[in-house]
Structures are given as structure tokens and as C-alpha cells.
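Worksheet: one structure, shown below.
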Amino acid sequence: MITIKNEDSINKMKKAGYIVAKVLVSLKEMIEPGISLKELDSFAEKMIRQMGAVPSFKGYGGFPGSICASVNEEVIHGIPGKRRLKEGEIISIDAGAFIDGFHGDSAFTAAVGKISEDKQRLIDITEASFYEGLKMAKAGNHLGDISHSIEKKVLAAGFSVVKEFVGHGIGRELHEDPAVPNYGPPGRGVKLQSGMTLAIEPMVNMGTESILILDDGWTVVTKDKQPSAHYEHTILITDEEPVILTKGDWFD
Ligand code: MG
Ligand code: MG
């Protein structure tokens with residue numbers, strides 16, 4: 001079911017989004033060679049709880065962490081274990097927070113120390129593709145307009161879009177309808193309405209779009225072991241410009 005949020009729900013989602021954004025900003029500053037994924041996860045859980053929220057991901061479907069930490073060829077759902085980051089790697093961190101009955105969900109990909117130009121371009125295009133999609137996130141447009149704009153940006157750069165995993169509606173549940181694919185024709189899918197809240201999240205591979213799931217049951221990796229990047233915000237559809245809810249300055 002697609003839910004339309006009222007003013008009160010939107011304010012609560014801003015609060016959840018604010019917490020996620022603050023946590024991600026702090027995590028981004030901690031990324032450097034030598035730090036372990038577990039350390040990042042512990043920090044995130046502590047900070048989310050200190051801000052009065054609960055980590056959305058912890059225990060979700062049995063997921064063991066409060067963040068997803070996906071390194072290099074890992075696309076999404078990386079388990080934050082003992083692995084330590086190394087110079088030249090890229091890492092995507094995805095976090096969610098639940099407070100006052102609502103979720104926020106956001107992710108970014110960042111460099112560990114100095115990275116190759118190729119990897120930096122992958123990160124930049126992934127982020128840019130999110131903003132291309134966001135431009136189309138307006139009441140009256142169709143969901144497919146967002147999907148198509150993301151795909152177009154990614155393909156023009158010579159990268160590929162992951163198809164098995166997609167963005168989603170979000171609100172009282174972490175994952176609500178509609179599914180928000182990062183590919184497909186424009187002008188199709190549900191008509192966007194003011195008050196819809198969506199997690200738009202391009203997952204972009206440097207090489208083939210094919211993916212595999214590792215034996216841990218969670219970690220999604222590229223089939224060709226080439227790097228992958230991920231970028232996500234929770235956004236609100238309005239009759240005018242879309243609003244990014246997972247932003248750090250709502251309550252500053
Ligand atoms: Mg996420
Ligand atoms: Mg999401």
C-alpha cells in the first residue's frame with residue numbers, strides 16, 4: 001500500500017531523517033585506512049540510540065548490524081564485521097533510524113584514502129544519478145520518470161544499474177510500496193502525489209550489472225568483482241520541489 005503522509009507524519013520523518021544524516025556525516029569523517037567496519041557500526045548504533053532513535057536495520061530480517069557497510073565489489077547489505085579498510089578502497093554506508101513511529105534511510109559511498117580516478121567517477125556518477133532522478137520527483141510525474149532519469153545518467157557514463165534491488169516507499173515501515181527501480185521507461189508506474197515519501201537509491205556497477213549474493217545470505221556483490229557504488233536519500237514528494245528528508249540541518 002502506498003501511504004500519503006500528513007504534516008505530522010512528515011515532521012516525524014524529518015526527525016528520523018535528521019538523525020540518519022547526522023550519523024552519516026560523522027561516519028564519513030571516520031573513514032580512513034585501518035578503521036574496522038565493526039567500529040563504524042558500533043559508533044553508529046550508539047549515536048542513533050543517544051539521539052533517541054532505534055537503528056532501523058538492526059535485526060531487520062535478522063540483519064546483525066546497525067549499518068550496512070559494503071566495500072569495493074560489494075553492492076549493498078555488507079555485514080559490518082572485523083574487516084579493516086585499506087587505502088584505495090571504496091565503502092558504501094547505509095543507515096536507518098526509527099523514531100516516533102517513522103523511519104529515515106540514507107546511504108553514501110566514499111573513498112578510503114586516495115582512490116583511482118575510475119572509482120571516484122563511479123562515486124560521482126552514482127550521486128549525480130540520484131539528483132537526476134530527484135529532478136523528476138514531483139507530483140503529477142510518474143515513478144518511471146525518476147527511474148528513467150537515473151538509468152539514463154548511469155548508462156551515459158558507461159556504467160550499469162543493478163536491477164534486482166531497488167528503492168522503495170518509506171514511512172511507518174522501512175520498506176513500503178511502491179518499489180522505486182533505477183531503470184525503466186519514463187511515463188509509466190504510479191503517478192506521484194504530494195505527501196508520498198520515497199527512498200531513492202541508485203546502485204551502480206562499474207562493470208556488468210549482474211550480481212550474486214554471498215553465502216552469508218546478505219552481502220550482494222558484483223559478479224565480475226568490479227566496484228559498485230550506492231547513494232540514497234529519503235525524500236518527500238510535493239507539488240513543487242521535492243524535499244530531502246535525510247538532511248542534517250532540520251533542527252540545527
Ligand atoms: Mg538504505
Ligand atoms: Mg533504502
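The values are calculated or read from the model by the stated rules, or taken from the named source; none is laboratory data. Quick caveat: nothing in here was measured; it's all calculated off a predicted structure. Note that we place each Cβ from the backbone using ideal geometry, even for glycine, and neighbour counts take in every protein chain shown. Ligands, DNA and RNA are excluded from the accessible area calculation, which covers all protein heavy atoms including side chains. Shrake-Rupley method; radii C 1.70, N 1.55, O 1.52, S 1.80 Å.
Can you confirm whether the stretch 19-42 contains a residue that is within 16 Å of ligand 2 (Cβ to nearest atom) and in contact with a Lys or Arg (Cβ under 7 Å, 6 or more places away or on another chain)?
yes
Hey, any hits in the stretch 18-26 for a residue that's under 30 Å from Ser210 (Cβ atoms) and assigned to a loop (DSSP other than H, G, I, E, B)?
No: the stretch 18-26 contains no residue that is under 30 Å from Ser210 (Cβ atoms) and assigned to a loop (DSSP other than H, G, I, E, B).
If you scan the stretch 185-220, which residues turn out to be under 10 Å from Ser147 (Cβ atoms) and within 19 Å of the chain's Cα centre (by Cα)?
Ile200, Pro202
Look through the stretch 66-79, keep the residues that are surrounded by fewer than 24 Cβ atoms within 10 Å (Cβ to Cβ) and under 13 Å from Ser36 (Cα atoms), and return whichever of them is farthest from ligand 1 (Cβ to nearest atom).
Step by step, filter the stretch 66-79, then rank; the result is Val71.
What's the total number of residues in the stretch 75-117 that are assigned to a strand (DSSP E or B) and away from ligand 2 (no atom under 16 Å from the Cβ)?
Within the stretch 75-117, residues that are assigned to a strand (DSSP E or B) and away from ligand 2 (no atom under 16 Å from the Cβ) number 6.
Would you point out the residue of the stretch 27-60, among those that are in contact with a helix residue (DSSP H, G or I) (Cβ under 8 Å, 6 or more places away or on another chain) and in a strand (DSSP E or B), that is most open to solvent (accessible area, probe 1.4 Å)?
This residue is Val54.
Output the residue which, of all residues in the stretch 155-205 that are among the charged types (D, E, K, R) and within 14 Å of ligand 1 (Cβ to nearest atom), is nearest to Gly78 (Cα to Cα).
Looking at the filtered set, the residue picked out is Glu201.
Go over the candidates Phe98, Phe63 one by one and state the one that is aromatic (Phe, Trp, Tyr) and surrounded by fewer than 20 Cβ atoms within 10 Å (Cβ to Cβ).
Phe63
From the list Ile125, Ile146, which one is open to solvent by 10 Å² or more (accessible area, probe 1.4 Å), assigned to a helix (DSSP H, G or I) and among the β-branched types (Val, Ile, Thr)?
Ile125
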